[in-house]
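The values are calculated or read from the model by the stated rules, or taken from the named source; none is laboratory data. Worth saying up front: this structure is predicted, and the values here are computed from it rather than measured. Cβ atoms come from the backbone with ideal geometry, glycine included; neighbour counts cover every protein chain shown. Note: accessible area is taken over every heavy atom of the protein model, side chains too, but ligands, DNA and RNA are not part of it. Shrake-Rupley method; radii C 1.70, N 1.55, O 1.52, S 1.80 Å.
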Number of protein chains: 6
Amino acid sequence: MSEQHPVSRFGTVALADMPEDLRTRIGAIAEKSGFVPNVFLALAHRPAELRAFLDYHDALMDRSDGLSKAERELVVVATSGANHCTYCVVAHGAILRVRTKDPEIADRVASNPWAAVLSPRERAIVDLALLIATDSASLTDAELDDARLAGLSEDEIWDVGAITALFAMSNRLAHLTALRPNPEFFLLGRLPR
Amino acid sequence: MSEQHPVSRFGTVALADMPEDLRTRIGAIAEKSGFVPNVFLALAHRPAELRAFLDYHDALMDRSDGLSKAERELVVVATSGANHCTYCVVAHGAILRVRTKDPEIADRVASNPWAAVLSPRERAIVDLALLIATDSASLTDAELDDARLAGLSEDEIWDVGAITALFAMSNRLAHLTALRPNPEFFLLGRLPR
Amino acid sequence: MSEQHPVSRFGTVALADMPEDLRTRIGAIAEKSGFVPNVFLALAHRPAELRAFLDYHDALMDRSDGLSKAERELVVVATSGANHCTYCVVAHGAILRVRTKDPEIADRVASNPWAAVLSPRERAIVDLALLIATDSASLTDAELDDARLAGLSEDEIWDVGAITALFAMSNRLAHLTALRPNPEFFLLGRLPR
Amino acid sequence: MSEQHPVSRFGTVALADMPEDLRTRIGAIAEKSGFVPNVFLALAHRPAELRAFLDYHDALMDRSDGLSKAERELVVVATSGANHCTYCVVAHGAILRVRTKDPEIADRVASNPWAAVLSPRERAIVDLALLIATDSASLTDAELDDARLAGLSEDEIWDVGAITALFAMSNRLAHLTALRPNPEFFLLGRLPR
Amino acid sequence: MSEQHPVSRFGTVALADMPEDLRTRIGAIAEKSGFVPNVFLALAHRPAELRAFLDYHDALMDRSDGLSKAERELVVVATSGANHCTYCVVAHGAILRVRTKDPEIADRVASNPWAAVLSPRERAIVDLALLIATDSASLTDAELDDARLAGLSEDEIWDVGAITALFAMSNRLAHLTALRPNPEFFLLGRLPR
Amino acid sequence: MSEQHPVSRFGTVALADMPEDLRTRIGAIAEKSGFVPNVFLALAHRPAELRAFLDYHDALMDRSDGLSKAERELVVVATSGANHCTYCVVAHGAILRVRTKDPEIADRVASNPWAAVLSPRERAIVDLALLIATDSASLTDAELDDARLAGLSEDEIWDVGAITALFAMSNRLAHLTALRPNPEFFLLGRLPR
């Protein structure tokens, strides 16, 4: 059964055993979600790295300017789908469903980010994200101009690129640890409330 | 919203408008599922092709010898994930959840068929299927011997290969038509009964 | 010597040992060709699958509307070349030579389908087929519009996609079985009559 | 001339214009190097992101346990070479030359990380890093066991994976900004002192 | 019709208009074959390059030590098949048929060099050639040791590598010029004498 | 230390032991450079091949018409970077620095030939070269027309293609021999004179 695999190849640290600042910070997330997302348990044996991870995540994903919250999650789900990252597809797919109130979008985008039917603005965001996720060396001014033509501001383009970059890292950490998604994520946002 | 996209780029044929044999055959499926899977509506404007599609599907997926029903669906979900086919991932992911009573396996296998944690037998099945799905020209006796060593019989190897081949076709038809999964599939098998 | 390899990794069934309907159906093909194409001998140990295979093949390849017979074979040879399928390249290459009365086109298209010199209509057919054969997940409306601009009807586009899909399956079955082409195919259509 | 391209597509922030904590922190680096590495000027218009970037970098690159300082740079240069990231190849290539006192190793590893001649331990480090950099979805226990067999500890394996992940992010930020390396980096560590 | 395409995108030089040394040298080839292979007509507008091409070709393909003549052509057909080079597949396929007296081997190797059934020695030759043709940067001592284990001498390994390298060049020149194979090559060696 | 690896996997021939014509010819190069480039020592055990190699090289690289000397080296560095050939990147990178008097261009182009900032003419040259280096089978008239639009003459296009083809060969010979660059190349052209 799926739920019997270990959470991480490298073991986990229980919330109670984390340094106080992390315990407080992650405790607050857990209170809101109803559970501790496994990524924190898996990264906590390196507290300095986990702190930087949280800071980077919050700086980009909780930003009020630029992309909407749902668009930020769209970038995460699309690039994590292209990178075949199970944890990020399942966990951020859940958040995307919650943010968009659309129970289908996460599966559609994660399984085929290249051709999922999206609005022109969403398609421009995803196309730029996919290029940076999978072949960033070939990015030239031409692709940025395409994004500008679709109406993205310089600030939004940075958001797309930086979120894609952050999850290029996250996806690889999840693959390194064979990170198992919490069971709760699989169902979140699929049922009408 | 996801549910507002058309079912197929090439239009659909309602059950009531299909030739009688197809109406009967697909009606029986619809009765069992509670809905008509969109793939039949999309393929029905070419009745002869749809008949052959159904025959091929049944010959391979309803076979009683060889692979178990769940293992057949595992091949479909793994290769459709590798091929980024949204319809097949969502529809057959639902069937895989129902067959295995495991609400997580379909998302785990579809998002990363290469490294999803599986039993050794399941891993051997999926590894052979992935090679045939993505690079069949390089298949040699060596890879078949690996499958035999993992305990697969000649008949089971044929099943893996033929199901993979059938869904190489199905996946491409779904991409050709931009086939939209029925909303019911997204949730099927996710909730304890 | 090439002709000493087995016809299929999984053995063959002689025409005389096939169920009556298949014996009749394949016997008629053999009478016309002068030999039994090896693909039938290799698939016959699963009669239900072979029947569906023949039905699908005939529904698409013997259709009178849409693409011409030669154009259908062009799709097969181009995609089988891209998929590196020896049996289909050799057998359908022979049929393409016969249909076009051009002794060179099959080798030119099979060895390099991407740049073989073709008429604009043929090039549009082959370009769409290659995309669906090798990267169907990235197919969007834009590529279908290119095909329409080149003059292909909706019905012809479906033909291109469905034939490509059918041979995505056939090519994988040929790779699974390491199917050997009949010696007759290598020479067919190369000599002026 | 190369030096006339802009430092970043998105402009830069001068050291004097940065928030005080960043000015102090980056000022200290500049004092040690003799110049301000361009990456800081390019990331500073998003101070929260730059802080997290610096924290993550220091947590991984200045760690005293596990991999040696030179081995950490080896991971950066190998994966940045595979990712075709000019800034990281040039800047971290310079640091690798300084750390190893070998004027050739950076160019050898960056141009061909797959086959550069290295010690068995270095080769194991680079092979694991390359897999995580370019195809992390296919990472399984088998590859981690190879690294263990070559003598890497769990902690060192984490270092390899996490540094690779961090520079998967860095490389993409450098590509997003078309980041120009400081002229000083090109020559650093090439001359005997 | 295939035979109406131009021989080369960049025009041709007739035998009579070549410098005397080339006219003599290529005239001798034409006398033996019964026709002037198109590659010489296409390269002759750069006589110095054509001379070097002929010298390199003869140094490697007419060498008496090491690989047999048929094995040299096997390397050419396998790598030209992998590179999708129509001219080299057709022209050297003809020579391979003549050298081996096997009317099927060229089509089998060109269409699928990875899995064509060959003797163990031939398979070792082709495997090494394919790696050098398609991904030479990843060549390490391990692959050369595989070739040695299959019985290849140092001299024969050099032959495989150097012939593969020469046709990496030839294939690209043929693609640059869209070189059309002479009609005679298509049929050569297919009929029993 | 890097400089302790062998020059070639297949041994070397000292200048003094080469046939007289090669000794004279390569001696002249050595006199001009101050050292014998390792490629000559590695290829000299096959004198006929080395002569053809030198002739081909000189015919293309010392040609006075068409591309400038610096542009010829740009093609070599860009395609050798894409092919991950350490010897050619280091040796021809040195020559490119000398020819352009730009100490940064070689590292920029070798590490990321796809997006290095170049003049429009240089970009057209490099784009065509990269296509022929990495995927020549897909070259069609459309890409040649792009090069013409950027101002390249037929003669210059041939130069780009033929130099790319020659170094497709050279790169593979360097990979076959694991050719070590001379220490002098690493520093050449990096210091103001």
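If I take R0 = 41 Å and measure r between the Cβ atoms of C:Asp102 and B:Ser64 in this structure, what FRET efficiency does the formula 1/(1 + (r/R0)^6) give, to the nearest 0.05?
That gives a FRET efficiency of 0.30.
Normalized C-alpha radius of gyration of the protein assembly as shown, against 2.2 N^0.38 Å?
0.94
Per residue of chain C, the DSSP helices (runs of n ≥ 4 H) give a summed -39500 (n - 2.57) that works out to -20500 deg cm²/dmol at 222 nm. The largest-to-smallest principal axis extents of the Cα set in region C:51-165 are 34, 33, 24 Å. Checked against a 22 Å cut-off, the cross-linked pairs D:Lys32/F:Lys101; C:Lys101/E:Lys101; C:Lys101/E:Lys32; D:Lys69/D:Lys101; F:Lys32/F:Lys69; B:Lys32/B:Lys101 give Cα-Cα distances beyond that limit for D:Lys32/F:Lys101; C:Lys101/E:Lys101; C:Lys101/E:Lys32.
Over all projection directions, the Cα-based convex hull of chain E averages an area of 11.4 nm². Once C-alpha pairs closer than 8 Å and six or more residues apart are averaged by separation and normalised to the residue number of chain C, the relative contact order reads 30 percent. Largest first, the residues B:His5, D:His92 sort by 1.4 Å accessible area into B:His5, D:His92. Could you tell me which of C:Ala91, C:Ser153, C:Thr12 has its Cα farthest along the dipole of chain C towards the positive end, charges placed at Cβ (Lys, Arg +1; Asp, Glu -1), taken about the Cα centre? Value: C:Thr12.
Quick check: the distance between the Cα centres of region D:56-98 and region A:87-101, to the nearest angstrom? Here the answer is 34 Å between Cα centres. Across identical copies of the chain, E:Asp102 has label-point separations of 3.1, 4.4, 4.4, 5.1, 5.6 nm, listed in ascending order, with the point defined 7 angstrom from Cα along Cα→Cβ. Remark: relative contact order (region C:1-59) = 35 percent; criterion is Cα-Cα distance under 8 angstrom and separation of 6 or more residues. Rounded to the nearest percent, how much of the accessible area of the protein assembly as shown (1.4 Å probe, protein heavy atoms only) is carbon and sulfur? Ligands and nucleic acids excluded, carbon and sulfur reach 54 percent. Extents of region A:56-103, largest first, come to 29, 25, 13 Å (Cα atoms, principal axes, whole angstrom). The same position D:Asp58 in the other copies lies at 1.8, 6.0, 7.0, 7.0, 7.7 nm from this copy, comparing label points 7 Å beyond Cα toward the beta-carbon, shortest first. Interface area, chains B and C: about 3700 Å² of buried accessible surface, summed, with a 1.4 Å probe and ligands, DNA and RNA left out. Size of region D:114-177: Rg and Dmax of its alpha carbons, in Å, are 12.3, 40. Residue order by solvent-accessible surface for E:Glu156, A:Glu184 is A:Glu184, E:Glu156, largest first, with ligands and nucleic acids left out and a 1.4 Å probe. Here the Karplus relation 6.51 cos²θ - 1.76 cosθ + 1.60, evaluated at θ = phi - 60°, turns the backbone of region B:128-143 into coupling constants of 5, 4, 5, 5, 5, 5, 10, 7, 5, 4, 8, 5, 10, 4, 4, 6 Hz, with x for every Gly and Pro. Taken about its Cα centre, region F:42-193 carries a charge dipole of roughly 800 debye when the Cβ of each Lys and Arg holds +1 and the Cβ of each Asp and Glu holds -1.
Karplus-based coupling profile of region F:63-75, in residue order and whole Hz: 5, 8, 7, x, 4, 6, 4, 5, 5, 4, 5, 4, 4, with θ = phi - 60° in 6.51 cos²θ - 1.76 cosθ + 1.60 and x standing for Gly or Pro.
Spin-label model, A:Arg23/B:Leu15: points 7 Å from Cα along the beta carbon direction are separated by 5.9 nm. Taking the Cα centre of the protein assembly as shown as origin and assigning +1 to Lys and Arg Cβ atoms and -1 to Asp and Glu Cβ atoms, the resulting dipole is close to 0 debye. Mind checking the angle between helix B:47-61 and chain B's longest principal axis? C-alpha axes, 0 to 90 degrees, to the nearest 10. Computed tilt is about 40 degrees. The other copies place their D:Asp155 label points at 4.4, 5.5, 5.5, 6.7, 7.3 nm from this one, listed shortest first, where each point is 7 Å from Cα along Cα→Cβ. The residues of the protein assembly as shown have, on average, 37 Å² of accessible surface per residue, using a 1.4 Å probe with all protein chains present.
Using a 1.4 angstrom probe on the protein heavy atoms only, could you order B:Leu131, A:Leu188 from most to least accessible area?
Details: B:Leu131 40, A:Leu188 70 Å².
Order by accessible area, largest first: A:Leu188, B:Leu131.
Under 8 Å for C-alpha pairs, at least 6 residues apart: give me the relative contact order for region A:83-193, rounded to a whole percent. RCO, region A:83-193: 47 percent. Using heavy atoms of the protein chains and a probe of 1.4 Å, the accessible area assigned to A:Phe185 is about 20 Å². Against chain F, whose longest principal axis is taken from its Cα atoms, helix F:20-33 shows a tilt of about 70°.
Expressed as a whole percent, how much of the Cα-Cα distance distribution for region C:20-119 exceeds 22 Å? Tail of P(r) above 22 Å: 34 percent of Cα pairs. Across the alpha-carbon atoms of region F:4-55, the computed radius of gyration and Dmax are 10.5, 31 angstrom.
Taking the Cα centre of region C:1-77 as the origin, how large is its charge dipole in debye, to the nearest 20, when only Lys and Arg (+1) and Asp and Glu (-1) carry charge on their Cβ atoms?
Computed charge dipole of region C:1-77: roughly 120 debye.
Does anyone have the angle between helix D:154-177 and the longest principal axis of chain D? Alpha-carbon axes, 0 to 90°, nearest 10? Taking the Cα atoms of chain D, the angle to D:154-177 is about 40 degrees.
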